[in-house]
Every structure is written in structure tokens, then in C-alpha cells.
1. Taking the simple approach of a point 7 Å from Cα along Cα-to-Cβ for both Thr80 and Val237, what is their distance in nm?
2. Express in whole angstrom the spacing between the alpha-carbon centres of the range 33-81 and the range 172-246.
3. Full-extension gain between Ser45 and Ala68, please, as 0.36 nm times their residue separation minus the C-alpha to C-alpha distance.
4. Stretched out fully, how many nm does the piece from Ala38 to Glu251 gain, at 0.36 nm a residue minus the Cα gap?
5. Roughly how large, in nm² to one decimal, is the mean projection of the convex hull of the alpha-carbon atoms in the range 184-325?
6. Taking the simple approach of a point 7 Å from Cα along Cα-to-Cβ for both Thr30 and Leu221, what is their distance in nm?
7. Given a Förster radius of 25 Å and the C-beta distance between Ala244 and Met166 as r, what FRET efficiency does 1/(1 + (r/R0)^6) yield to the nearest 0.05?
8. Quote the FRET efficiency, to the nearest 0.05, computed for Thr145 versus Val265 with a Förster distance R0 of 45 Å and r equal to the Cβ-Cβ distance.
Amino acid sequence: MRTRVLCTGLLVAFALFVGAPTASAHTELTSSAPKNGAHLKRAPSSVTLTFSEPVDLADVHVTSDGKALSVARAASGKRTAVTVRTSVTDQDPLTLDWQVRDMEDGHPTSGGVSFRIGKAAFGTDAEDRTRAPMPSSAVRDAWMTARWAGYLALALFVGGIGFLAMLWPQGTGDRRTRRILAASWGCGLLATVVGAGLQGAYGAMGSLHDVLELSTYTDLLGSEVGIVLACRALLWVLAAVVLAALLQGGERAARSPGWRVGAGVVCLGLLRTTGMAGHSSEGSHPGWGAVADLVHLLGVSLWLGGLTFLLLGVLPRRRPAELSAAVSGYSTLAGLSVAAIAMAGAVLAWQVVGSFHALFSTNYGQLLLIKLAVLAAVLVIAQRSRSWVRTRLDVATLLRGDRATVRPFVYSVAAETGLVLVVLAATSLLVTSAPGR
């Protein structure tokens, strides 16, 4: 079944790529007035920069010869244009280095414009090159690591909550599962807070030291992505209430409709705010991207969280009733999760990559292909697990979870879990990469 699901997902992805419109990338400079490279008799008192998307004035920074210049909304009133006051009269060439942070996902882009002033020659090609600042690679690597940790914590927490509520309520008393839930909650909250500082430093072209500065967080909170991150941190705090109720109430709480509703709302909020800080809002149909992103994250969480709890919780206990109920139930849940991941992933790829050509010609598309290749390997291993469930589960139950009988299934689940972690690593790389480049 999973092999058929993969083939169907790939066919859908191919059809979407072939007929897909071009998706928008990050905020870029589209024009300037005066025009970049113009030869002017005297230095302009102001320069108008027009970007491809609306920008917040607080997220636009322009410098000349290392000095910050004042930025205001352009006289036209368009949210895509800003006016920069140069206050420079004797510099030739006049070069303005700009840097802007995307309002949707907080990614920075930068560049520069130059003008010849007076009768002097514009200079050599080396002098014509813009001196745009570049984001710190150390900050980017740390941010990518924090994103990976955040995805892993989210998957373990949401998937673990779902696994206990739907398939294994008696597992709430197991010490290993309780530790996994507590650790994933702590890691999720920490990754959100540290990730916010790293994203703020990355967007401001800062260093790792800026993560410790309060101004980094306050500046980020002034943007849409900062508000989303603050909401996610608040949801992790609410998740502590859900977790505490589960740990105290045990199986009774896991079966309680009230607790399940509260846990479902918090988990869906965590999934949605995680997607809002990514690329799903980009493209010609952002509504479809938001829904697909939520379904995709939910499917991955139920899949990975269930695998982890199955591997570290259910199988070591080797209790026949639990093996029969949890393993067979998870097999069905995993099949549905894989189908959701394949379909939602196809929609997201269509939204962000934008064309079949971009899938092979851009770094983002190539990373996506690697992710799909690893996912295909996961499905091959998962098919072996599914075959074991069909042919050996009854025998394992009758033998009361005999180690020799269950061991092949344990190896298969462990390999599947490891490869899903690689998929999460590829996802964190995609989030910190610019689509269409």
C-alpha cells in the first residue's frame, strides 16, 4: 500500500510541477530611481527603492560607506517602495547597500545600487561591484540546527500525544514515554526561544553574540514572523499544562474527551505556527499552502512520534495485548500519515518551487529531491515492517513478544526512524534556503 501511495504522490507532484505557475521567492529589489548605474551631474538628495513585495520600514536598512541612512515611505504611498535620504554630495561613485527582511518568513536579502557623480569616470569593474553585507554562516548553521531540533521536538510531542490518546493510553504510566514527552516539550520551548534569537540575528546580518542581546528579540517582535514565534512560545507554555494533566491523570486523562480536545487544540496550534514561519505562505495560492503545510506536519508528527513510542515504549515491554492493539493500529495510522505526507508535500512543492525546471536548476529544488529520495527509502523499509505486521504479529503475540520473533521488526522500525530524522534534517535545510535560487 505504501509503495502505491508513493507512486501516486510522485505522479501528482509531476503533474503539479508541469502545470504550476511561478512561485514568488524572497523580497528583492526590482527598480530604483535614479536607475542603478546612472550617470548624474550631482548627487541625488534621495533615492527611491522599489521591492518585489511589501516591506516594513523597520526591516529595511540602507548604508553608504558604512553609515546608516534614514528610510521613509515613498511619496507614492506604495508599501513596496521606500525613499532613502542620501545626504551625500562629494562621493563618487555613490553606492547604497540595502538589506531587507522578508515580512512573511524573516529571511534577509541584500544588494546595492551605484551612481556616477559628476564628470569622473565610473571606475573599474572591481569598483562597480556592490558591497552588500552577507548573513553570517555561523548564525545560519546554528539557526538550521535549532530548526531541526524544533521539528524533532514537535514531532515527538505531537506524535507522542496522538499515539497515547488513540492507540496506547496505558502507556502514560511507562517511565520511558513520560521522559520522552517531557524532554520533547523542553526541547521544543528552548528551540523556539533560541531559534527566535538566531532568526533575528540572521535577518539583521548579525553574529552569534547578538542572540544574547535583548534588542534582537524586540526588533524581531516588531515583524510578522516575530509575532508568530511569540505565539508558538506561548503555545509551548500551554502545552506544559496539557502534559502535566496527562502525567498526573495517566490513562484516565488520556481517555478523557476534555483532555483530548484541549491537547488537540494546542497541538494543532503548534503545528500551524511552525508552518507560518516557513515558505508555505508563498506562491500564487497561499491558502492551499497553509492547509497543505498543516497536513504535512501533522502526518510527519504522527509518523515519527508513533515510530519512536513504538520502538522505545511498546516493543520493550513485550506485552501481548499491547503488541496486538498498538502495532496493528499504528500500521493503519502510518499508512494514512504517509498518504497525507505525499499529497500535502506535492502541493507544497508546487507552491514553493513553482516549476518542474526549478526542481533541478535551483538549490532548493535539489534539496527537495534529496528529501524525496530519502523518503522513498523510508517507505521501502516501512513496507517490510508492514509485511511483518501482516504475517508475524499473531505469532509474536502468541509467543508473548519473544525477542527472536520481534527482533526483525525492531530493526526495521529503528532504521525507519533514523531515516525519518534525515528527512527532518532536509526539511530544516529547506526552511533556511531561498526558493527559486
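1. It works out to 3.9 nm between the two label points.
2. 35
3. That works out to 6.8 nm of additional length.
4. That works out to 69.4 nm of additional length.
5. Values: hull surface 44.5 nm².
Seen from a random direction, the Cα hull of the range 184-325 projects 11.1 nm² on average.
6. My value for the distance between the label points is 3.4 nm.
7. On the way: r = 21 Å, r/R0 = 0.82.
Between Ala244 and Met166 the formula returns 0.75.
8. That gives a FRET efficiency of 0.95.
Here, each number is a calculation from the coordinates, and none is a lab measurement. Just so it is clear, the model here is predicted, and its values are computed rather than measured. A quick note on method: Cβ atoms are made from the backbone with ideal geometry, for glycine too, and the neighbour counts reach across all protein chains shown.
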